[in-house]
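The block underneath contains the structure these notes are about, expressed in structure tokens.
Just so it is clear, none of the values below were taken in a lab; they were calculated from the coordinates. Predicted, not measured: the structure shown is a model, and the values here were computed from it.
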Amino acid sequence: MTRDTDSDETTAPGDAWFEARTAAMHLRDLLTAAGLARDFPYLQADVNAFGNGIVNIGRTNPAAALRLAELLRAARESLGDEAFAGRTEDGDH
């Protein structure tokens, strides 16, 4: 078992739903800090038919999407392109 360093949750390694839930909770916290919590009402953790953890961000409005893009752009400018390197357009690492 491992302990999530930012919460009191203990999860079994490889537990897809708990991994997805932890990721969704981290995203929720950051969206809340950015004032975007109400703009992502469909944010949820799930597991697909293959047992893979899924974080569903869901639909949002154009203003929230633009705000999220601004935040990501600012993070990229602050951290540099290296922080965003290693990802291809098809999602491979």
Q: Step through the residues of region 22-38 one at a time and calculate ³J(HN,Hα) from phi using the Karplus curve (6.51 cos²θ - 1.76 cosθ + 1.60, θ = phi - 60°), rounding each to whole Hz and writing x for Gly and Pro.
A: 4, 4, 5, 5, 5, 5, 4, 4, 6, 5, 5, 4, 8, x, 10, 4, 6
Q. Give me the log10 of I(q) over I(0) for region 9-82 at q = 0.21, 0.24 Å⁻¹, as the Debye formula computes it from C-alpha points; what are the numbers?
A. -0.96, -1.05
